1. Could you work out how far the C-alpha centroid of the stretch A:90-163 sits from that of the stretch B:1-68, in angstrom?
2. What number comes out for the charge environment of A:Leu343, summing +1 per Lys or Arg and -1 per Asp or Glu over other residues with Cβ under 12 Å away?
3. Please compute the length gained on full extension between A:Thr221 and A:Glu98, using 0.36 nm multiplied by the number of residues separating them and subtracting their Cα-Cα distance.
4. Counting Lys and Arg as +1 and Asp and Glu as -1, each charge on the Cβ, what is the dipole of chain A about the Cα centre in debye, to the nearest 20?
5. So, for chain A, what is the accessible surface per residue at a probe of 1.4 Å, expressed in square angstrom?
6. Under 8 Å for C-alpha pairs, at least 6 residues apart: give me the relative contact order for the stretch A:264-367, rounded to a whole percent.
7. Select from the stretch B:294-331 all residues whose loss of accessible area on going from the chain by itself to the full protein assembly reaches 30 Å² or more (probe 1.4 Å).
8. Would you mind calculating the relative contact order of chain A from Cα pairs under 8 angstrom and at least 6 residues apart, reporting the percent as a whole number?
Amino acid sequence: MDSTQLLRDRRDEYVFLFSDCVPVEGAAASAIYDLTRKHISTFPSAYFPFFALFRARRLGEIVDALSPEEHDDFVAFLDFLLANEYVAVVADAAAFPEISRAWDAPCAIHNAIVDVRGQHHDYRKIVAELSGLGCQHLQVRGYAGVFGLAELDELARLCRGSSIQTLEAILAHEPGRSDDDYVAVVGAHRLITGLTVHSAPQERRLAVDYGARGDAATLLTLEISMTVKPLESALDCGQIGKRQLLPPTTPTFNELRQFSGCLNRKLAIDERGEVRNCPAMRGSFGDHRAVSLAQVVADEAFRRVWAARNDEIEVCRDCPYRYACTGCRALLADPAVEDSKPLKCGYDPYTDTWADWQTRAGAAAALAHYQARVHLPIVRG
Amino acid sequence: MILIFSNSGDPSTLDVMRWIDHLSDAKVVRINADEEYSVELTISDDDFSVRVDEDAFGLEDVTSVWLRKGGFWFKGLFPSVAAPEHPALARHLQHKLDLENRTLRDHFHDLLRRRSAVLGSANGSAPNKLVVLGRAREVGLRTPPYSVSNLRSHAQSLVASGCGYVTKAMSDGLYLFDTTESRTGYFTYTEALEPRVLEGVGERMAPSLFQRYVDKAFELRVFFLDDQFRAAAIFSQSDAQTRVDYRKYNSERPNRVVPFRLPPEIEAKLSLLARSLDLNTGSFDMIVDAHGEYYLLEVNPVGQFGPLSERCNMAIERMIAERLVAREQRV
Ligand code: SF4
């Protein structure tokens with residue numbers, strides 16, 4: 001059905017925005033989050049007030065109140081909504097309530113990061129305590145060779161029978177290792193859902209097929225990615241671009257309306273073994289050997305940053321992507337301001353443009369600030 | 001202790017167990033119908049003691065039970081009969097042993113039902129579709145007119161009537177994968193009854209179920225747990241691929257699924273229907289036509305509620321977990 005037909009035949013009905021399509025207002029551009037089709041489309045914010053009208057007035061009443069110039073814009077907007085199947089025209093939308101905005105998950109900690117550089121941690125204690133907290137996803141990042149393939153194999157073994165469902169690893173390339181070694185370890189653990197090998201001699205991808213043949217192989221294959229780029233420190237994290245935005249779903253959308261997409265129910269062990277909200281953030285909650293992770297998580301001070309939602313952050317609060325963006329609370333555009341926007345984001349909601357964050361005034365100085373402050377020297381090579 | 005009977009691959013079981021673990025200290029024993037265990041079982045008078053691998057428990061330990069999937073879960077208790085020389089005898093003995101097994105199962109379920117809170121239907125399969133339609137009409141719910149016939153002429157007269165009919169399995173549809181890891185699957189869906197469907201069919205065919213096609217505004221999937229209802233509307237009409245059966249997913253443009261507020265009188269009738277079918281959980285499939293009339297299609301006691309629960313944020317997994325731990329906390 002197109003808009004011309006609707007404007008002629010269905011004037012007494014209401015434009016109903018399906019409840020899985022949620023409008024999010026931004027400064028220059030606003031967005032519709034399609035939670036079923038996991039897609040965001042944007043449109044000029046000038047159209048945003050129509051959504052309130054759709055709920056309050058019949059189609060005919062809305063159209064009659066428009067000036068001739070506005071009329072054409074309105075038809076174009078209605079066509080956009082119809083083409084994406086965001087709206088239906090109904091006699092009464094009262095039977096379709098909003099999707100509940102509540103969010104909760106059956107775990108005290110959802111995901112954890114463990115950083116390893118020069119020294120090992122007590123992995124057995126970490127896994128056991130994370131499991132007690134219901135942690136589902138674990139990422140381990142080895143900056144240097146100390147945490148290599150043998151250690152990954154051992155860690156995956158420790159995770160068996162725990163609450164951890166996926167293990168992702170970033171390891172430094174070990175010269176003595178063959179492709180087969182990497183494939184063998186990943187292939188032996190279904191728990192390992194991703195492996196990136198940094199500082200490798202060349203860019204390459206290795207396929208792991210778990211011994212499956214034919215159709216099944218294409219379904220199961222996992223790729224190990226080898227990159228020449230080095231992973232130098234926790235400051236390498238926090239890139240925000242269009243590609244980093246989460247495809248919107250009901251749970252992620254609801255979570256990001258209330259919590260920080262990156263920090264909520266996260267726990268990190270930094271390279272010195274200190275418990276933190278994020279390896280790149282200030283504020284240690286003690287050495288993981290000396291404290292109980294459950295006690296740290298019960299501490300109000302530890303949970304405080306979980307609530308740093310994008311709605312309360314400068315600039316981000318005007319961004320149409322704010323409920324799809326995990327953000328970053330470790331590296332800020334202005335390190336002196338607590339609610340400053342993330343350093344490594346190049347989006348400007350006031351002009352609706354993406355640029356390279358490094359070209360922004362003050363970006364280099366902010367990065368230098370963090371590099372100087374890092375809680376230990378960056379060991380290279 | 002909470003006892004869960006399921007299948008190893010059922011994702012909803014895992015989600016509910018995570019909630020149980022998060023909400024309580026309850027011990028959970030999960031037994032999968034498709035796995036082999038070492039089972040020790042003694043039933044005496046009104047009690048039993050069971051050991052499944054490492055987990056030993058008696059009837060008094062079990063506060064709640066969730067019969068999620070599967071029929072009987074203690075496989076291999078009876079030996080299978082091997083007498084290649086005497087096939088008729090072997091078949092007969094096997095049949096006898098199956099009856100023994102079933103009697104044991106029924107008694108086991110009955111004990112559980114009398115002493116603990118059992119969620120789910122004991123036989124593990126869907127109630128007879130035709131019986132459901134009859135009961136639905138008894139409680140005042142509309143159902144699309146249907147007939148069952150083995151005569152091609154009957155089917156042809158339906159086609160000729162121009163009203164539009166669909167045909168589907170009377171029992172559970174076929175839903176089968178070659179192997180769990182292969183993508184090859186066999187499904188039966190609800191199909192439109194068109195002249196080409198009857199091509200090459202003899203005058204006497206297998207008895208088939210025909211149901212009047214109702215031109216729907218949208219479909220409803222209504223999950224229920226005791227007297228709590230969670231309804232979702234599925235808008236599939238605009239897409240020819242899913243017009244007749246919404247399980248034929250269109251992965252490019254999945255159907256819209258949104259929360260729906262059931263009219264109280266429909267909810268009350270569904271409550272009565274669930275009670276008359278002796279079901280305390282499951283989901284109803286309904287349709288709403290262009291005039292706002294509600295039609296009941298069928299009930300599924302063990303359906304997959306996970307995707308609907310997530311998309312409409314219905315927290316069904318948590319509801320089930322709360323129901324299962326409720327008795328635990330009072331102990
Ligand atoms: S402005 Fe803020 S919310 Fe928007 S993309 Fe950048 S970091 Fe994310």
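The values are calculated or read from the model by the stated rules, or taken from the named source; none is laboratory data. Small disclaimer: the values here were computed from a predicted structure and weren't measured. Methodologically, a virtual Cβ is constructed for each residue, glycine included, from the backbone with ideal geometry; neighbour enumeration extends over all protein chains shown. Ligands, DNA and RNA are excluded from the accessible area calculation, which covers all protein heavy atoms including side chains. Shrake-Rupley method; radii C 1.70, N 1.55, O 1.52, S 1.80 Å.
1. Each part's Cα centre sits 27 Å from the other's.
2. +3
3. 40.4 nm
4. In debye, rounded to 20, chain A gives about 1220.
5. That works out to 45 Å² for each residue.
6. 17 percent
7. B:Glu310, B:Arg311, B:Asn313
8. 16 percent
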